[in-house]
Amino acid sequence: MSWREDQVKHEAKRTVLVVEDNELNREMLVALLERDFKVLQASNGLEGLEQLAQYYQELSLILLDVYMPECDGFEFLRRKSLDERYDTVPVIVATASDATEDEIACLEAGANDFIVKPYNFEIMMNRINNMIRLRESASIVNQLTWDDVTGLYRKEFFYRAVEEALGASPATENDLIC
C-alpha cells in the first residue's frame, strides 16, 4: 500500500468512543481498536457525555463500561436518551458484570448490545463492525426516505406509503388532496 493510500484509509477511519474507568482495560481496548478506528477515550461517564456532546456527529459507536465512579453506565445511557441528537450513536456495553439484571437494565436504557469481559477480541470486532454497518445502512435509508428541508417523505416513498395505506383497507373510500 502506498503512503497516499494509507493516508486516505487513515482519514476515512470511523470514530469510536471508549468509556472505561479502569486505565489498563481502557488502554487495552484503545490499542486493539486504533488499528481500524479513530478512538476517543473517557475515564468515566461524565467525561463520556462531554465527548458525546462534542463529537456525536462523527461517532460511529460507543463502548461503555457499566460500573464507574461519578457517572456509571446506567446514568450515561439515561442521559444519552434525553437528547435526540444522540439517537443514531449505537452503544455496546462492555463490562465485567455478567448479571442478567445489569444486561436487561442496559438494554432497556438504550444499549444496543452487551459484551461481558474478558473479551474475545474477534467476536467483539465483529459485533462492532456489524453494529456500525447496521447504523450506516439505516442512515442511508433514512436519507433516501425523508426530505431534509421539509421533513416529509421524498416522492418515491410517499407513493409507496400511499399505496400501502390504500391497499391495507381497499374497501374504504379515501380522498386525496393535491
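The values are calculated or read from the model by the stated rules, or taken from the named source; none is laboratory data. It should be emphasised that the depicted structure is a prediction, and the values quoted were computed from it without experimental measurement. Heads up, the Cβs are rebuilt from the backbone with ideal geometry, glycines too, and the neighbour counts pull from every protein chain shown. When the accessible area is computed, the model is the full protein with side chains, heavy atoms only, and any ligands, DNA or RNA have been set aside. Shrake-Rupley method; radii C 1.70, N 1.55, O 1.52, S 1.80 Å.
Each of Met131, Ala96, Leu107 was scored by the projection of its Cα onto the charge dipole of the range 84-146, and the greatest displacement toward the positive side belongs to Met131; charges sit on the C-beta of Lys, Arg, Asp and Glu. Near Val91, the amide H atoms lying under 5 Å from its own belong to Ile62, Asn112, Asp113; only residues 5 or more places off or on other chains count, and H is placed 1.01 Å from N. Heavy-atom accessible area for Thr150, with the other protein chains in place and a 1.4 Å probe, reaches approximately 90 Å². Charge dipole of the range 115-178 (Cα centre as origin; +1 on each Lys and Arg Cβ, -1 on each Asp and Glu Cβ, all else neutral): 520 debye, rounded to the nearest 20. Scalar couplings 3J(HN,Hα) for the range 52-68, obtained by applying the Karplus form with A = 6.51, B = -1.76, C = 1.60 to θ = phi - 60°, are 4, 4, 7, 10, 4, 6, 9, 6, 9, 5, 10, 9, 10, 7, 8, 9, 9 Hz; x denotes Gly and Pro.
Estimated purely from DSSP H runs of n ≥ 4, each contributing -39500 (n - 2.57), the mean residue ellipticity at 222 nm for the chain is -15500 deg cm²/dmol once divided by its residues. Placing dummy labels 7 Å off each Cα toward the beta-carbon, the span from Ile123 to Tyr159 is 4.7 nm. As a size descriptor, the averaged projected area of the C-alpha convex hull of the range 77-131 was calculated at 3.9 nm². Where in the range 88-118 does the label zone of Ile140 land, with the point 7 angstrom along Cα→C-beta and an amide N cut-off under 20 Å? The answer is 88-90. Between Ile115 and Ile132, the contour length at 0.36 nm per residue exceeds the Cα-Cα span by 4.5 nm.
Normalised by the number of residues in the chain, the average gap of Cα pairs under 8 Å and 6 or more apart makes the relative contact order 15 percent.
Comparing Leu46, Met68, Leu33 along the charge dipole axis of the chain, the residue lying farthest to the positive side is Leu33, per the Cβ-charge model. In terms of accessible area, using a 1.4 Å probe and ignoring ligands and nucleic acids, Tyr159, Tyr55 rank largest first as Tyr159, Tyr55.
Taking every protein chain into account, the 1.4 Å probe leaves Lys13 with about 50 Å² of accessible area, to the nearest ten. Rounded to the nearest 20 debye, the dipole magnitude of the chain is 640 debye, with +1 charges on Lys and Arg beta carbons, -1 on Asp and Glu beta carbons, and the Cα centre as origin.
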